Structure formats: structure tokens, C-alpha cells
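The values are calculated or read from the model by the stated rules, or taken from the named source; none is laboratory data. Since this is a predicted model, take the numbers as computed values, not measurements. All Cβ positions, even for glycine, are placed from backbone atoms using ideal geometry, and neighbour counts span all protein chains on display. Accessible surface is based on the protein model in full, side chains and every heavy atom, while ligands, DNA and RNA are left aside. Shrake-Rupley method; radii C 1.70, N 1.55, O 1.52, S 1.80 Å.
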Amino acid sequence: MNAEVAMMVPEFGQLALIIALVLAAMQVVIPLVGVQSGREWLMAYARPLAAGQAVFLMVSLLALTYAFVTDDFSVVYVATNSNTQLPTPYKISAVWGAHEGSLLLWVTMLGAWGLAVAWFSRTLPLDMVARVLSIMGMVSVGFILFTVHTSNPFERHLPSAPLEGADLNPLLQDFGLIVHPPTLYMGYVGLSVAFAFALAALMSGRLDAAWARWSRPWTTAAWVFLTLGIALGSWWAYYELGWGGWWFWDPVENASLMPWLVATALMHSLAVTEKRGLFKSWTVLLAIFAFSLSLLGTFLVRSGVLTSVHAFASDPDRGVFILALLGICVGGSLLLYAIKAPTVASVGRYQWVSRESALLVNNLLLLVSAFAILLGTLYPLVHDFMGLGKLSVGAAWFNTMFVPLSVLLALVMGIGSMSRWKSDAFSRLGQELKWACLAAILLGAAVPLLASGEWNWQVVMGMSVSFWLIGATLVDVWKKSRGQLARIPKLGVSFHGMVLAHVGVAISIIGVTMVSNYSLEKAVKIAPGESTELGSYRFEFAEAGHIEGPNYVSDATRFKVWRDDKLMEVLTAEKRRYNASGQIMTEAAIDVSLFRDVYVSMGEELPDGAWGMRLQVKPYMRWVWLGAIFMSIGGLLAVMDKRYRARQHKRAAAPAAKEAVA
Amino acid sequence: MMRWLLFIPLALALALGVLFWIGLGKEDKDVLPSPLVGQPFPAFNAVALLTDEALDQSSLPAKPMLVNVWATWCPTCKAEHAFLNQLAKQGITIVGINYKDDSAKAREWLKAFGDPYAFNIVDPDGKLGLELGVYGAPETFLVDSQGIIRGKHVGDLNTRVWQTLQPQFEAMK
Amino acid sequence: MHPQRKKRLTLILFLVVGVGSAVGLLMYSLSQNINLFQTPTQIANGEVPIGRTIRAGGLVVDGSVVRAEEGLGVTFKVTDGVASVPIFYDGILPDLFREGQGIVALGQLDEAGVLQASEVLAKHDENYMPPEVQEALEKAHQAGKANLEAAAGY
């Protein structure tokens, strides 16, 4: 590329963004006109337009990335978020390090999901594809317009460009932050597909099993990204913030958990709609809720209406624009729902004891959890607006709400996957699950006695429900395979997915229970050469020194971790000072193993060469995230089920698929 | 079934929307009412950043000016710097307060990015900032020729912000 | 009534009662679990009961940070420009804790009027002040008794 062309790259990026906007607008209008007038050739424009929009958005994102990699500080956004000293991978992640770029990433992902729908929708009727892509186009138009109008990442510093950039917030200079936001965003944005399917079905009045079957893999795919994104965020907070905490119930985390809970409910409700033709109106509502909450999460909570940093201060237009956009999007879809839902009739009956009921209870529990979190997140805001003063809702409240609901949920999950559609009997379920139940209680009760010798109700509760869930799931596998191992692989990919995901939930609950109850922590003043004990571990402060990084210098402390006079690990914790911004970051040193983490982080330097250190031993820490990995793999398997790809008219339900009910 | 029930989600969403609308209004801290507006610029004793000469409140120029609080550790200050250069070129007097900063770094910064300031008051411990009620950098005060504070802006200056501040500034002449 | 309708009605009733009681419980427990933010002025005026968990914040007064001889205990004062309140914390202070910086502490007042903090927070970004602190300062300014010099120890 010659120099002059290279200088123009940001302009190309902006141009591509505007072309994408025009294509998105066409994607809204043309297919919809086709549907209204019944002209297939107009509907057929939906796919190529969606593809074109996606390509131009990607070009735009690449142009911004190029500006970052080449240190083009004439672009305001680059100058405020990058720096020549920044290592290249972080220059790339800096693209989505602040508002403008993350918005561009958001719309690009929306385009990519649209492209995926266009690509994988060959088995769908053309009018459905046209409607779905048209609705996704509407969302695109709104948010690309928002990007171009109020948050243009390509804006130039004219006439003079700074020679050096301001640097990326050091908190964000980390592997976790390279992968966490894109993954989470994929999840948030992916829910737009389920949303578009739901609205398309409402518009056409075709809320049937076929619609549910089309929606399911998309919903599950988005859910997989959300699950991974949340787990990555938690993992990042754990090792990067230096506290050893892995969930803080802060608005940003809550914003990601709410759509996850609703999306989980949606996946299960879609299963009922597909298999039994029930809960249709409810499913549609959940699809709207899930996407609305993800919009709320991305734009209002992250943008600072709640946390109130100066996010909108320099530009109140943004706030007004985004609120209007959300109003149209959420309000419009709920209005459409209110008008159209009465035309949707769910046929079919079920008894109180049945899989339908279990899934309904599951849905309610998930929704109540999401609602509780919403309440806790918004309460300080309401309180402040009413002039009653500033307050915060403590993590304790979220825990008292969320823990019992999760326990109930796990109990119902065990029953739900075992029970039959339409009607079942407690006596049958009791017969099949009594041993799993008994074993779970006994094993759960044994855990606290073995772990510490002391009775602990919380541990018994957490462990028992986890064992119960695993036990019930295994019984389910055993029954469905009729006791023959050879039949297990034939049970269907979705069924395997469900089993893995449910076991994943149990693994996470085990992790949360153990780490919450048996973590050891102490903050000490310690000088080089000294030792301190924590549980069965002895921490020896070996030496203190300095480390020079590419764009930071750090104080470092080295600790030898002993257990029973055996050297387990040498850990080097750091406290970094970033050159460009002067900000200070704590880098914890962690010895990772499956059954416990040893966590060392530096506090402040004290007189006489001593340091304030935070030392922790966290049993089963990894299980919290391991469970999330299981859930994601489970979701992935469910997405890959062949029956979603089979042509509609050819759909002859295989026996295995009939049994598979994930 | 009772159809009005279906409107409940819509009503709840709208209520939430109104809530956020109020929230936005509250967050709009663009022009903060400062108790210092109408008050004379606080007395101070400090040195100039580039020349090291002694400065006090009588050193302020006898014409309308912007007093800009900045620091090298503040990324937003970097973002607004180009715009300050532009204003200086238009002949607007800008006095800087180098807030809680390292003077050597600040000098380098001015060398690298251009110097829009008539002069800079060094405020290493943030004492003057405290008296001015500075919440964080950057902040900009409008000060008239008598040294009376006439207005204040929190956050970076840019074209958009200047559209609202300029009439205020012109009015001081 | 048609049996299906009857069932539907029971279901709706069940939902309404369930959701209603859930919301009620949520709201009640919420009111028990909130930590109100109190300014140093409010604390100095005796508006805060002893032993209740609150959040308090302001600027750390210059020269007020005193460390214990042994261990990690530290005492400091925060001010909103009008009044100041002493805080004791035994633990590791956040990276951005500095004199003159805005912080928020979570804890309870003891009989001696010292806030026994269980948590001390400072914003990760130096540009911004915790919003509550900002508001506290603003209020103090507006109270018209902004004798900052004396309060901040200059």
C-alpha cells in the first residue's frame, strides 16, 4: 500500500460504515415490501444484502484495527486509547477498549450474525428469511446510525495530531480482556436472532413448532457465547483485580447475568414450544426480554447511567439517542406482542406433574432470579432519583436472593429432565430417583465433615443439590439407554448436550459452594525472609525486586509456598506502574490446580522493606469456570444436532431425536 | 383471556424508560453549577511551569480567559489538547493549571503536543485545585477580565461543548 | 366454567400470588440490606446511628494517614470540605488510595466516632472521583461553609 492510500484508511473505514448503513436500510425495506406484495424476487434480496452489510462492517472494523496497529494518532479514538509502547496484541484489543470502538464491534457482530442467518437458512421458507433479516436490518440501521452520528471512531484530530497516544487503560491490557468483551458481545448480539425470529413469527402469525425449531439453534449458540463470556469475565476479574474475588454483583456483571438467565429460560421454553406446541406466547415474550436485557446491559449499564462516570458527560446527545433507540426497539416489539399475542393459541394439555410443568417452574425460577437482579441493580438508581440519597445494595443481598433460587432450580432440573411430557406421576419419579436422592443427601452431608470436621448447612445444601443433579442426570442416561452402554452414543447429540450442560451446572455449584465456604484468606505485613502460615501452607517471602516490562515497571515480590516442608511453587506477584498513564495495577500470582488455587497479591509497600500482602488458598476455584465450559460444550453439541439442518419436509423424527429433549 | 394483561410488559418497559430518561438528565453534568461562580479567582502563590517565575492571583491577564486544569496522567486531557491549540490560535487566552503532576513530564508534553497556554500555574499538591473545587481533570473555568469566575465545565472541551460555552465567553468581553 | 379455562385461571392465580409474594419478599429484604451513603458532615452531625453499616466517603485529608506499628492497621480522615471523619481499616488499601484522593469506605461507626471499615474503595481511574464523593463535596460547597483550607489541613 502506498503511503497516501495508507493515510486514507480511516476514511475508507468510515465510508464502509456508511455503505453498510445504506445496505442495512435496503435490507429492512426491500424484503419486507416483497413479503407484503408477495414478490419472491424482492424477498430474495434479503440474503445478499445481509452478506454485503456484514462484509462492509468487517472492512470498517479492519480499517480501525489498521489505524491502531500503525499508531495513527490523527484519529482521536486511537490517540485516546493507544500508545506506541503498547504491545501489538493490546493495540488490537484496544480497538474495543472504549465506547466508540466497542460499538463498532457490536454492529459488526450483528452483521456477522445476519450473515450466518443468511448462510444457514437454506431450509427456511423464503418469506421467513425475508422477515427475519429485515428485522435484524432494523436493529442494524439503528445502531450503525448511532455509531456514525454520535460515536464515530474514525473522527480525526485536526489540524494537528498528537505524536503520542494516551494509552489503553492498564486494566484492559490483558489476555482476558482481549477475548472477554468480544465473546460476551457475540452472546448479547446473538440474542438478536432469536428476537428477530420471534418478531417475524408474530408478524406472520406463524408461531408453530417449525418456528421454534428454527429458533432453537440460534438461541443456544448465543447462549453458549454468553456463558463463555460471563465465565471469562469472572476469570479475568479474579486474576486481574488482585482481590481474589470472582463475582462482585456489580452492575456490569449483573447486566450480563440477566440476559443469560432469560436466555436459559428461553432455550427451555422453546423446547416445549417445539415438542408440544405450548407456551408460545410466553416464548415470544422471553425472546423479546432476552434481547431487551442484553441491550440494557450493553448500552445503559456499561455506558454509565448506573455507575455514573462521565460516560455521557461530554456528549448528552448520545444518551438521548440511545434511549430513544432502545425505546423504539423494546417498546415497539412489546407493543407488537401485546397486539398480536392474543392471536396465538397454544393447543395441547398437560397435567400438573409433567415435563411441561417442570420446565414452567424452571422458567419462573430463572425469571424471578433475573428480576431480583434487575431490582437490586436499579434500586440505587430509583432511590437516588427520588432524592433519598445514594446507597448501594450489598453483595449479601444478591447472595441471599440468588442462592436459594439456584438450589430450587437444581432440584427441579433433576426432576425435569427425568419426567415425561404431558403427564407423569410422582410415584414413578420417586421410584426411579429415590436412590439418587438418598445418595445425594448422604454424600452431601459427608462433605463438610470430611473437609473441616464441622457441620455446615450451606455446604450440605450446595453439595447435596449438585450430587442430586448429577445423580438424577446419570439415572436419566441409564434409563434412556435401558442400561446398555452401547446405546448411550445413539441417544442423540442434543441429549448429550443437555447431560453435559446439566452436569456443568452441578460442577459450578460445587465450585461455588467449596470456594465460598472453605477459602482461607489473610492480609499480612511481611518482610523479606519472613514466613507466615495459612491453613496447611507456609508462605516464605523469598525476595523483593523490580521487573521492567515493555510499557511498565513493576515492584515484584517472590514467595515460596511450602506444604508439609515440601516446596509446592514459587510465585512472583507484581505491582505495575504503567509509563504512559502512571496508573498502578496489581498482578496477582496464582498457583493453579484442579482442587485449589494459591493466590498471592501485593498490597502497599510499608516501612522497613515490608509489604502488605494478601494471601489466599481457594479450594475448587477452577470448578466454577469448568462448569461453564461444560455448559458451553453442551450447548455446542445441541446446536450441532442434525435435525436442525434437515429439510423441513424430510423431517422424519428419528427415535433417538424423539427421546432427546435438551 | 384478559388482553390488557399483555400490555403489562410494555408498561413496565416504558416505566423503566422514563426512569432512565430522568437518569440521563441527572447525569448531564456538562455545566456544573459551581458555588464559585461569581466569586473572585482564589488567591494563590505558585510558580510558572516553563519559566519558574513566581505567580499569584494578580498575574492573571486583565482580559477574559479560560483556566484549564490538566495533567499528563489524564487521557481525556490529551484528547482535548488539540482543541485547546485550536482555540489558542483563534486568539483565546488560556491559562493552564498543571494539576497534581510531574513538572518535567508536563514540560515534555507541551513540547510534544504544542503549548496553547499563556502560562501554566504549577499545582503539584492540588491545593489550588481544591480551592477551585476541582473534581478531576480536565476542567475548565471561564474567568473574566476582573478575575471573577463566570462559569465552569467538567470534562473535555470539544467543538460541541464550545458551541455552548462560546456565547458565555463572548458575553464576558 | 370450562375445565380448561378453570385450569388457566388457577395457573394465572398461582402466578400472580407467586410473583406478588416474591416481589414483596424481595423488596422487604432489599430494605434490610442497603448501605446508605453518608457524608462526613452527616456523620459529624450525629445523623448516623452507631453500629449500622454505612458507606462513607470524601477526600483523604493530607497528612492524616497513620499506620500501626504492627500489622496492617491504618487510620486516616476523610473530609467533604466541612467536616471530617476518622476511619480505621485493617487490611490492604487499594492501589489508588492516596492523600487528597476520593475514596469510599464501607463499615460501622463505633462509640468513639471512628468508622471501622471492612472495605475501602478507590476508583481505578484517576480521572474520576467516586460519584458519591463528588456529590458530597458538591453539597458541602453549596452549604456555603467551604472552609477547605482548614479542613484539608493546609
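Need one number for the stretch A:183-243: average projected area of the convex hull over its C-alpha atoms, nm².
Averaged projected hull area, Cα only: 4.4 nm².
Just the ratio, please: alpha-carbon radius of gyration of the stretch A:53-102 over 2.2 N^0.38 Å, N its number of residues.
Dividing the Cα radius of gyration by 2.2 N^0.38 Å gives 1.07.
Would you be so kind as to identify all helices of chain B, as entire DSSP H runs, whose Cα atoms reach 27 Å or more along the helix's own axis and whose mean Kyte-Doolittle hydropathy is at least 0.5?
Helices meeting the criterion: B:8-27.
How large is ³J(HN,Hα) for each residue in the stretch A:592-603, as worked out from phi by the Karplus curve 6.51 cos²θ - 1.76 cosθ + 1.60 (θ = phi - 60°), to whole Hz, x for Gly and Pro?
Karplus-based 3J(HN,Hα) across the stretch A:592-603 equals 9, 8, 4, 9, 6, 10, 10, 10, 10, 9, 8, x Hz.
So what is the orientation-averaged projected area of the protein assembly as shown, using the convex hull of its C-alpha atoms, in nm²?
Projected over every direction and averaged, the Cα hull of the protein assembly as shown covers 43.8 nm².
Give me the Debye-computed log₁₀ of I(q)/I(0) at q = 0.25 Å⁻¹ for the stretch A:367-449, equal point scatterers on Cα only, no solvent, two decimals.
Taken in order of the listed q values, log10 I(q)/I(0) reads -1.16.
Per residue, how much accessible area does chain A have with a 1.4 Å probe, in Å²?
For chain A, the per-residue accessible area is 38 Å².
I'd like to know how the stretch A:315-383 sits against the 2.2 N^0.38 Å rule of thumb: what's its Cα Rg over that expected value? All intermediate terms of the calculation are to be shown ahead of the outcome.
Values: Rg = 18.1 Å, N = 69, 2.2 N^0.38 = 11.0 Å.
The value comes to 1.65.
Which cross-chain or sequence-distant (5 or more) residues have an amide H under 5 Å from the amide H of residue C:57, H modelled 1.01 Å from N in plane?
Under 5 Å from the amide H of residue C:57: C:38, C:105.
Plugging the Kirkwood radius over Cα pairs into Stokes-Einstein for the stretch A:491-559, at a temperature of 10 °C and a viscosity of 1.306 mPa s, what D comes out in µm²/s?
D = 96 µm²/s.
Mind checking the full-extension length gain between residue A:3 and residue A:120? Use 0.36 nm per residue of separation minus the Cα-Cα distance, one decimal, nm.
38.1 nm is the gain from fully extending residue A:3 to residue A:120.
Would you jot down the residues in the stretch B:76-94 that end up with at least 40 Å² less accessible area in the complete protein assembly than in the chain alone, with a 1.4 Å probe?
In the stretch B:76-94, residues shielded by partner chains: B:78, B:79, B:82.
Take every Cα-Cα pair in the stretch A:1-168 and report what % of them are more than 23 Å apart.
43 percent
I need two numbers for the stretch B:29-171: Rg to one decimal and Dmax as a whole number, Cα atoms only, in Å.
Rg and Dmax of the stretch B:29-171, Cα atoms, are 13.6, 37 Å.
Would you mind giving the total buried accessible surface between chains B and A, with a 1.4 Å probe and ligands, DNA and RNA left out, rounded to the nearest 100 Å²?
When B and A are taken together, about 3300 Å² of accessible area is lost.
How large a share of the accessible area of chain B, in percent, is made up of carbon and sulfur atoms when the probe is 1.4 Å and the other protein chains stay in place?
58 percent
Normalised by the empirical 2.2 N^0.38 Å for globular proteins, what value does the Cα Rg of the stretch A:1-57 take?
On the way: Rg = 15.3 Å, N = 57, 2.2 N^0.38 = 10.2 Å.
The reported ratio for this selection is 1.50.
Just how large is the dipole of the stretch B:29-171 about the Cα centre, in debye to the nearest 20, putting +1 at every Lys and Arg Cβ and -1 at every Asp and Glu Cβ? Please report the intermediate quantities before stating the final value.
Numbers: 12 positive and 16 negative charges, 67 e Å.
Approximately 320 debye in magnitude.
Compute the convex hull volume of the Cα atoms of the stretch A:420-527, divide it by the residue count, and report the result per residue in Å³ as a whole number.
Taking the convex hull of the Cα positions in the stretch A:420-527, it is 165 Å³ per residue.
Run the reach check for residue A:560 against aspartates and glutamates, Cα to Cα strictly under 14 Å, same-chain hits fewer than 8 apart removed. What comes back?
Within reach: A:530, A:533, A:540, A:543, A:569, A:591.
Per residue, what accessible area does the stretch B:29-171 have, given a 1.4 Å probe and all protein chains present, in Å²?
Solvent-accessible surface per residue comes out at 38 Å².
Let me know the Rg and Dmax you get for the stretch C:1-95 when you use only its Cα atoms, in Å.
Considering the stretch C:1-95 through its Cα atoms, Rg and Dmax are 24.6, 80 Å.
With all protein chains present, how much of the accessible area of chain A (probe radius 1.4 Å) comes from carbon and sulfur, to the nearest whole percent?
66 percent
What residues from the stretch A:464-503 fall in the zone where the backbone N is under 19 Å from a label point 7 Å along the Cα-to-C-beta line of residue A:449?
Label zone hits: A:464-468.
In nm, to one decimal, how far is the residue C:114 label point from the residue A:345 one, both placed 7 Å along Cα→Cβ?
Placing both labels 7 Å beyond Cα along the Cβ direction yields 7.5 nm.
Given a 1.4 Å probe and no ligands, DNA or RNA in the count, how much accessible surface is buried by C and A, both sides, to the nearest 100 Å²?
That pair of chains buries around 3700 Å² in total.
If you keep only loop residues by DSSP, which chymotrypsin sites (Phe, Trp or Tyr not before Pro) in the stretch A:551-627 have at most 12 other Cβ atoms within 10 Å of their Cβ?
Those that pass, being in a loop and sparsely packed, are A:595.
Averaged across the residues of A:359-365, what count of C-beta atoms belonging to other chains lies within 10 Å of each residue's C-beta?
Per residue, the number of nearby Cβ atoms from other chains is 1 on average.
With +1 on each Lys and Arg Cβ and -1 on each Asp and Glu Cβ, and nothing else charged, work out how big the dipole of the stretch A:1-168 is about its Cα centre, in Debye to the nearest 20.
660 debye
Compute the convex hull volume of the Cα atoms of the stretch A:574-646, divide it by the residue count, and report the result per residue in Å³ as a whole number. Spell out each step's value before the answer.
Details: hull volume 9.4 nm³, N = 73.
Spelled out: Cα convex hull of the stretch A:574-646, divided by residues, is 129 Å³.
B plus C alone minus the pair: what accessible area, both sides summed, probe 1.4 Å, in Å² to 100?
Counting both chains, the buried surface is close to 1700 Å².
Beyond 25 Å, what share of the Cα-Cα pairs of the stretch A:520-621 remains, rounded to the nearest whole percent?
Result: 19 percent of Cα pairs exceed 25 Å.
For a protection proxy built on the mean count of beta-carbon atoms within 10 angstrom, sort C:35-41, A:490-496 highest first, please. Intermediate values should be presented prior to the final figure.
On the way: C:35-41: 23.1, A:490-496: 21.6.
Per-residue Cβ counts within 10 Å, averaged per peptide and sorted highest first, yield C:35-41, A:490-496.
Inside 10 Å of the C-beta atoms of C:38-46, what's the mean count of C-beta atoms belonging to other chains?
Shielding by partners across C:38-46 averages 1.
With r as the distance between the Cβ atoms of residue A:548 and residue A:69 and R0 = 25 Å, compute the FRET efficiency 1/(1 + (r/R0)^6) and round to 0.05.
0.55
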